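Read the figures in this text as sums done on the coordinates, not as results from a lab. Since the model is a prediction, treat every value here as computed from it, not as a measurement. Using ideal geometry, Cβ is built from the backbone for each residue, glycine included, and neighbour counts are taken over all protein chains shown.
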Amino acid sequence: MRIKQLDVFSASVTEYNKALKYLLDFNPDEAERHLSIWERRHSNNTRDLGHERGLIDFLRESEVNKALENDPERAFYIWERRWEPLLSARQDDSREDILSRFKNAYFLRLCRRLEPFKPGSSFHTGGNAVICLMRAGLWERAASAARTAARMSAVPGRLYGYLGDSLFMMKKARWAREAYLEALVAGPYDMDLDRLRDPEISRLMAAPESFLEDGPSINGPPRLELDWCLAIGLLANLLPVPVPRGRKEITRWKKRLTDNTLEPSRPGLAFASGIVLCSLGMEGLRKNGLEIAHIRAHMKRLSPALFTYYMEQKRNLDTERSPKE
């Protein structure tokens with residue numbers, strides 16, 4: 001009986017898939033054996049198996065195996081040194097499936113040895129432990145670890161950003177936006193902009209002015225532009241305007257406004273603080289000893305152009321809400 005070409009093709013794919021399965025099961029010897037069988041049967045095939053061979057050799061290294069079994073922090077840095085630069089620099093995505101699947105399997109195994117959060121551990125408070133959990137697709141654990149680490153991290157903006165990414169992947173978009181807002185308040189300069197999962201937040205961080213339809217431009221160095229992302233995100237209704245609860249929280253927002261007005265180190269945060277405080281309304285502000293005119297004067301001093309845009313928005317909103325004759 002003559003074998004159909006399709007049957008031969010299916011058999012070859014099956015042999016290659018066996019090699020891939022053993023590779024993802026961290027069995028380099030069996031992966032090598034099946035890959036060699038596939039190569040012998042298809043000696044004329046020009047397919048590049050460089051990544052498969054490289055990963056097999058990688059798994060045979062004693063340093064890698066010891067790290068995966070006993071030292072997840074070391075395993076993380078080995079991957080960062082050996083494979084992450086290749087993944088970041090590649091332009092050809094034809095091998096993406098093999099590398100991405102192996103990367104996921106690698107970090108799943110690494111996370112089995114990842115200990116719970118250790119207070120004071122730079123691996124956790126710096127965000128690397130959260131990165132491991134995210135790469136493994138363990139989004140709930142990543143969110144929990146990011147939330148805990150953010151409270152004691154020197155770079156809380158990065159951790160709140162990772163919290164937003166994890167919540168976004170869990171399809172909790174509203175909570176994710178709240179986490180991104182926290183990141184922008186705590187430190188937009190620390191956020192890991194290369195890993196942002198929410199495409200709209202990524203766009204906000206890359207080109208904040210694109211959200212201001214016919215609005216003013218924010219001129220200045222990149223660091224200054226990043227600081228304005230919070231205010232622009234609030235103006236564009238991309239981020240939820242937080243409601244200050246209690247005098248202590250209101251005082252904190254007031255301090256963010258006044259401390260950054262005369263000699264602004266973070267003018268975007270100050271302007272955003274004005275937006276948050278004004279959301280309380282005239283009556284709510286008066287109950288806390290604040291005047292809306294005083295707050296708006298601060299906002300205008302920070303950015304006359306953006307303040308004009310803000311007031312136009314307010315007038316348009318008030319017009320929409322007013323009863324029609």
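Quick notes on this structure:
- Filter result for Gly164 (within 10 Å of the chain's Cα centre (by Cα) and not in a loop (DSSP other than H, G, I, E, B)): yes
- Residue match in the range 128-145 (condition: more than 18 Å from the chain's Cα centre (by Cα), surrounded by 15 or more Cβ atoms within 10 Å (Cβ to Cβ) and of a type in the set (Gly, Ala, Ser)): no
- Taken over the range 167-183, the criterion of being over 20 Å from Ala129 (Cβ atoms) and over 12 Å from the mean Cα position of the chain (by Cα) is satisfied by Lys171, Lys172, Ala173, Arg174, Trp175, Glu178, Leu181.
- Among residues of the range 48-80, those that are over 20 Å from Ile131 (Cα atoms) and of a type in the set (Gly, Ala, Ser), counted: 3
- Whenever a residue of the range 24-46 is closer than 18 Å to Leu68 by Cβ, its partners that are of a type in the set (A, V, I, L, M) and in a helix (DSSP H, G or I), lying with C-beta atoms within less than 6 angstrom and at least six residues away or across chains, give the pairs Leu24/Ala105; Phe26/Leu59; Pro28/Ile56; Pro28/Leu59; Ala31/Ala19; Ala31/Leu23; Ala31/Ile56.
- Any hit, the range 28-42, residues being surrounded by 13 or more Cβ atoms within 10 Å (Cβ to Cβ) and in contact with a Leu (Cβ under 6 Å, 6 or more places away or on another chain): yes
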